[in-house]
Amino acid sequence: MNLLLIRLIIFAVLFLAGLKLYRLYREWKLEQEQHDDLPEGGKMVRCAWCQVHVPEDEALRDKPTAAWFCCSAHRDRFLQEHDPEA
Ligand SMILES: [Zn+2]
């Protein structure tokens, strides 16, 4: 009878410890995912040509059209296709 009680207590402690660890792991994982969404607190913009998301401070902006680009090559191609004079 006593042995059964001790086993039950050990099982309960192990179960609670596992539950606690699982919750800690889930919280940690959620935090990691949130960090992925907002890298270094920078704002993300989308390249108008290739649709790739780039940080605002690394992106190029075309002032007349207010469009964002990941590189000057994409800006040039986009402007070529959207400029009726060219
Ligand atoms: Zn691009």
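Every read-out reported here was derived from the displayed coordinates using simple, explicitly stated rules and does not represent laboratory data. Here the structure is a predicted model, which means the values were calculated and not measured. Positions of Cβ are generated from backbone atoms using ideal geometry, with glycine treated the same way; all protein chains shown enter the neighbour counts.
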* Structure fact -> Phi-derived 3J(HN,Hα) across region 42-54 with the Karplus relation (6.51, -1.76, 1.60, θ = phi - 60°), rounded Hz, x for Gly and Pro, is x, 7, 9, 10, 10, 5, 5, 8, 10, 6, 7, 7, 9
* Select from 42, 30, 52 the residue farthest towards the positive end of the dipole of the chain; place +1 on Cβ of Lys and Arg, -1 on Cβ of Asp and Glu, and compute about the Cα centre. => 30
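Could you grab the relative contact order for the chain? Cα pairs under 8 Å, six or more apart, rounded to a whole percent. Intermediate values should be presented prior to the final figure.
On the way: 62 pairs, mean separation 14.4, N = 86.
Once divided by the residue count of the chain, the mean separation gives 17 percent.
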* What's log10 of I(q)/I(0) for the chain at q = 0.14, 0.17, 0.26 Å⁻¹, Debye sum over Cα points only, no solvent? -> -0.66, -0.79, -1.14
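Would you work out the charge dipole size for the chain about its Cα centre, treating the Cβ of every Lys and Arg as +1 and the Cβ of every Asp and Glu as -1, and quote it to the nearest 20 debye? Walk me through the numbers on the way to the answer.
Numbers: 11 positive and 14 negative charges, 166 e Å.
In debye, rounded to 20, the chain gives about 800.
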